[in-house]
Amino acid sequence: MTPKTSSSTAAPAMSIVQASAQRALRLRDALDRLLNRFQPVAALLARGYVAQVFFSAGLTKLRDWDTTVALFTDEYHVPLLSPAVAAVLGTCGEVVLPVLLVLGLGGRIPALGLCVVNAVAVISLSEIAPAALQQHITWGVLLVGLAVFGAGRWAVDTLLKVNPR
């Protein structure tokens with residue numbers, strides 16, 4: 001006589017595995033739905049955080065233009081641009097792009113523009129402290145995320161769409 005183990009014990013074990021897998025998938029789907037509800041607020045917080053950093057830097061440059069031009073002449077060595085042109089472009093980018101970003105106006109363009117401003121800031125400094133570099137990396141990651149995934153539903157661009165598809 002041969003033992004009957006193959007079909008009699010395998011079926012209940014397989015149904016336990018299938019039931020566990022289905023339960024895990026339902027749990028994952030519920031977690032996805034919950035986290036998806038937080039996407040708009042997460043995007044808004046990321047936009048606000050990064051916008052505040054760059055806008056504050058732009059306002060600082062505007063407050064003392066002579067010092068700003070001196071910094072672009074002596075400290076920031078922006079490739080291919082004269083210090084005066086680099087100062088104007090950098091300051092404009094730091095003042096205008098954050099406003100567009102925090103409003104969610106212009107799609108991904110403000111995030112990409114601030115990525116460029118951020119990269120140029122790192123490249124143009126001959127020496128950068130490790131903590132400052134880490135901050136630039138954090139801002140860059142947030143900006144890339146906003147450029148890739150968009151500003152989210154809580155954005156002026158979303159409100160302006162008449163027939164979103």
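The values are calculated or read from the model by the stated rules, or taken from the named source; none is laboratory data. As the structure is a prediction and not an experimental result, all values here were calculated from the model. Ideal geometry is used to build each Cβ from the backbone, glycine not excepted, and the neighbour counts take in all protein chains shown. These area figures cover heavy atoms from the full protein model, side chains too; ligands, DNA and RNA do not enter into them. Shrake-Rupley method; radii C 1.70, N 1.55, O 1.52, S 1.80 Å.
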>> Quick check: at a probe of 1.4 Å, how many percent of the accessible area of the chain sits on carbon and sulfur atoms?
In response: 69
> What does the helix-only formula give at 222 nm for the chain: each DSSP H stretch with n ≥ 4 adding -39500 (n - 2.57), the total divided by the residues, and the result rounded to the nearest 500 deg cm²/dmol?
Replying inline: -26500 deg cm²/dmol
> Ignoring ligands and nucleic acids, what accessible area does residue 65 show with a 1.4 Å probe (Å², nearest 10)?
Replying inline: 90
> Tell me, what is the FRET efficiency for residue 132 and residue 28 to the nearest 0.05, using R0 = 35 angstrom and their Cβ-Cβ distance as r?
Replying inline: 0.35
>> With every protein chain kept in place and ligands, DNA and RNA left out, what is the accessible area per residue of the chain? Probe 1.4 Å, answer in Å².
In response: 68
> How far is helix 130-149 tilted, in degrees, relative to the longest principal axis of the Cα atoms in the chain, given as a value from 0 to 90 rounded to the nearest 10?
Replying inline: 60
> For residue 82 and residue 49, what is the calculated FRET efficiency with R₀ set at 30 Å and r taken between the beta-carbons, to the nearest 0.05?
Replying inline: 0.40
> Which whole-angstrom value gives the distance between the alpha carbon centres of the range 37-61 and the range 108-165?
Replying inline: 9
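For the range 11-133, how big is Rg over Rh, using alpha carbon atoms and the Kirkwood form of Rh?
Working: Rg = 23.0 Å, Rh = 17.6 Å.
Rg/Rh for the range 11-133 comes to 1.31.
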>> If you count only protein heavy atoms and use a 1.4 Å probe, how large is the accessible surface of residue 157, to the nearest 10 Å²?
In response: 40
